[in-house]
Amino acid sequence: MERSFKKEVQALKLGDGETFHGEGILAVTKALLQAGVSYVGGYQGAPVSHLLDVLVDAEDIMGELGVHLETCANEASAAAMLGASINYPLRGAVTWKSIVGTNVAADALSNLSSPGVVGGAMIILGEDYGEGASVIQERSYAYALKSSMWMLDPRPDLPSIVRTVEKGFELSEASHAPVMLELRIRACHATGSFAAKDNRKGVVSGLSKLPGPPRFEYGRLAHPPVIFSQEKLKIEQRLPAARKFIREQKLNEVIPGDLADIGIIVMGGLTNSVLRALERVGLADVFGASRVPLLVLNVVYPLVPEEIREFCATKRAVLVVEEGTPEYIEQAVNVELRRADIQTKVRGKGPLPQAGEYSSDVLLEGLAAFLQATKPAGIDADTIAEKARGLFAHKAKAAAALGPLPPRPPAFCTGCPERPVFAAIKLAQREIGPTHISADIGCHSFATFPPFSLGNSILGYGMSLASAAAVAPNMEKRPIAIMGDGGFWHNGLITGVASNLFNKGDGVLIVMQNGYASATGQQYIPSSKTSRLGATGGVEIEATLRQMGVKWLRKVRTYSVSVMVKTLKEAMRTAEQGLKVIIADGECQLARQRRIRAEDAEKLKRGDRVTRARYGVDDEICTGDHSCIRLSGCPSLTVKPSPDPLRSDPVATVVDSCVGCGLCGEVAHAAVLCPSFYRAEIVRNATAWDRTKHRFRQAAIGWLGGYNARKAAA
Ligand code: SF4
Ligand code: SF4
């Protein structure tokens with residue numbers, strides 16, 4: 001795994017009277033244990049990958065409480081786990097990245113929310129929203145609305161997060177509906193402290209098992225005709241029960257303020273950003289006290305009409321701070337106020353933008369516009385707006401002074417085994433010409449950025465082959481689908497491979513077999529060599545594909561660029577019809593380096609011989625055309641001034657971060673570039689034989705140098 005929480009998880013053992021200090025994601029795990037969960041599961045994805053990593057690292061602690069942990073094959077299997085709470089008083093939580101994971105889990109979620117639950121069921125959603133996020137800019141709110149699942153969006157401070165998790169289970173049980181808990185990136189990584197409580201064993205768990213199944217009850221199935229009565233239950237019983245619980249337990253908070261004729265209704269998760277914007281113009285302090293009253297919605301769905309009415313009744317205007325479109329909360333507030341004939345003006349989208357992340361700057365601008373439009377008593381709104389403009393002006397001046405900065409798109413790690421495959425595709429395309437490339441989700445999608453710029457569509461995780469299904473029959477050249485091994489097991493095996501074989505499709509599929517779900521932090525997948533439970537059951541991609549009936553299958557070491565080029569050309573040109581699969585085999589370099597570094601440190605401690613490969617460029621041979629950089633894209637390859645005073649072009653050079661993967665040399669060879677790359681081996685704890693070889697080589701080099709000098713002098 002990318003990050004180990006072995007040390008931090010000890011905090012999960014804290015009990016009554018002790019104080020927990022740590023990160024939001026760890027606090028969520030502690031809250032789950034305090035709430036007495038019986039099972040947890042999920043599928044990795046930012047920003048909740050670490051939640052799953054924490055759960056894995058805390059498996060021993062959970063085992064003592066009888067909590068079952070499942071690292072699921074995808075989000076659908078995680079959502080289906082919650083089926084345990086339909087019939088039994090089992091509290092359970094699952095996690096994934098939304099919106100993409102929620103899309104994958106949608107079928108199970110609908111079938112869960114229709115019959116409802118007996119035990120508390122919680123879905124912890126990582127909301128990865130914003131310009132740098134790797135998902136479509138949609139929100140999970142629509143799912144909560146359409147399926148009648150309640151959505152929690154806690155204020156990003158640890159006591160609020162912990163309380164919301166604990167109360168979330170009670171809410172789920174009180175209203176018999178699953179709840180979603182939305183966690184934004186900032187909430188996951190917020191640090192703080194809270195008063196810990198003892199962990200609780202579940203009523204039913206691995207330590208206290210059920211004697212048998214419940215009495216057969218057709219109403220517990222999401223199946224006709226009971227789905228119609230279930231829909232009525234959602235509206236007539238579960239929704240009122242949820243609202244009653246939210247109101248009675250005060251899950252939403254009011255932060256009072258003296259500017260009583262205006263107010264802000266804010267999604268809980270955005271509270272800190274709003275307070276920061278207020279603080280920048282002197283309307284709040286750094287401890288969260290505000291002059292503008294705030295209604296903090298730690299539960300964003302359902303809204304409680306009485307709370308909305310009470311907050312708004314005495315105000316001339318309120319600002320609804322709600323990220324995403326459509327403006328569900330703003331519309332609901334408007335409807336509620338019109339129904340109650342309360343004339344408070346509701347603003348939201350307008351002062352605030354319709355789309356995009358509500359960063360502190362965006363909120364500051366929206367807030368200034370709101371204050372200028374409403375002119376609350378007790379402050380000079382124009383002066384505050386002027387102050388806000390002044391803050392932006394500083395930024396503009398600083399940006400102008402710096403000048404335009406170069407864009408920094410994400411890229412493959414140094415030595416990544418996937419980079420050579422794209423170098424090979426580029427080289428193969430010199431001969432076979434360009435063809436349609438179906439890209440996928442995973443590290444390999446970095447190839448859509450320069451210098452490769454390869455990929456014509458991305459349709460979802462593991463969907464590349466399926467997304468080429470209608471391209472292949474309509475294109476002269478075979479399309480190439482790229483899929484990671486994570487995507488292969490998540491979805492691609494059935495959606496892509498089975499469907500292609502079933503439909504006798506053609507085309508080329510490259511499966512990047514790097515051994516982990518690398519993009520999310522090197523979690524294990526079914527074909528990993530090991531797993532959290534020890535050796536895997538020998539699930540191999542190659543064997544699976546052969547069993548399924550793939551006839552044309554090649555496995556190529558990714559760094560062998562010339563072999564990969566040859567194999568690609570063969571796959572594109574062969575007269576053989578049907579799916580052609582190339583398994584591009586090479587362990588994730590990041591995971592490999594972590595593994596090797598630890599192994600090498602052990603060896604060095606024992607005094608054993610340790611070697612490390614490094615590549616270099618011979619300055620005298622480098623022609624300075626830099627094709628090697630363009631073709632490999634390795635960040636360890638750069639340029640430096642030529643030491644030859646007669647040559648003005650800079651030469652290529654390898655910097656210290658080189659991990660010795662050999663791609664640059666391979667590319668230079670496959671592309672018939674200059675022979676300027678050399679491989680060196682750094683030997684630590686050298687043996688007597690190493691030293692003898694070294695002395696001999698030095699002598700030979702010295703003699704040859706002298707020979708050349710003698711020859712030149714003769
Ligand atoms: S994490 Fe692994 S697979 Fe992903 S870019 Fe880095 S080296 Fe490549
Ligand atoms: S410089 Fe060459 S050998 Fe070193 S990491 Fe980059 S491609 Fe690999």
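Observations on the model:
- Whole-number D in µm²/s for the range 301-360 (Stokes-Einstein; Kirkwood sum over Cα pairs; 37 °C, 0.692 mPa s): 274
- Cβ charges +1 (Lys, Arg) and -1 (Asp, Glu), total dipole of the range 661-714, debye: 340
- Selected from F696, P89, I583, residue furthest toward positive end of dipole (the chain; charges at beta carbon): F696
- Solvent accessible area, Å² - K232, 1.4 Å probe, full protein context: 120
- Whole-percent carbon and sulfur share, accessible surface of the range 624-698, 1.4 Å: 57
- Expected-Rg normalisation [2.2 N^0.38 Å, Cα atoms] applied to the chain: 1.12
- Carbon and sulfur %, accessible surface of the range 232-364 computed with the full protein complex present, 1.4 Å: 53
- Peptides 147-154, 433-440, 189-196 ranked from most to least packed by the mean count of surrounding Cβ atoms within 10 Å: 147-154, 433-440, 189-196.
- Solvent-accessible surface ranking, highest first, for M62, M475 at 1.4 angstrom: M475, M62
- Across T314, T19, the residue with the most accessible area heads the list, and the full order at a 1.4 Å probe is T314, T19.
- Coil-residue GluC sites (Glu not before Pro) of the range 617-698, DSSP, other Cβ within 10 Å capped at 13: E620
- Qualifying GluC sites (Glu not before Pro) in the range 143-220, DSSP loop, other Cβ atoms within 10 Å at most 11: E217
- Peptides 37-44, 223-230 ranked from most to least packed give 37-44, 223-230, packing being the mean of other C-beta atoms within 10 angstrom over each peptide's residues.
- Accessible area per residue, Å², the range 269-383 with all protein chains present, probe 1.4 Å: 39
- Hits among lysines - C-alpha to C-alpha of K345 under 24 Å, sequence gap 8 or more where chains match: K315, K375
- Loop-located chymotrypsin sites (Phe, Trp or Tyr not before Pro) in the range 281-341 (DSSP state not H, G, I, E or B) with no more than 11 neighbouring Cβ atoms inside 10 Å: F287.
The values are calculated or read from the model by the stated rules, or taken from the named source; none is laboratory data. Everything quoted here is computed from the prediction, not taken from an experiment. Neighbour counts are summed over all protein chains in view; Cβ atoms, including those assigned to glycine, are modelled from backbone coordinates with ideal geometry. Each accessible area value is taken on the protein alone, full model and side chains, heavy atoms only, with ligands, DNA and RNA left out. Shrake-Rupley method; radii C 1.70, N 1.55, O 1.52, S 1.80 Å.
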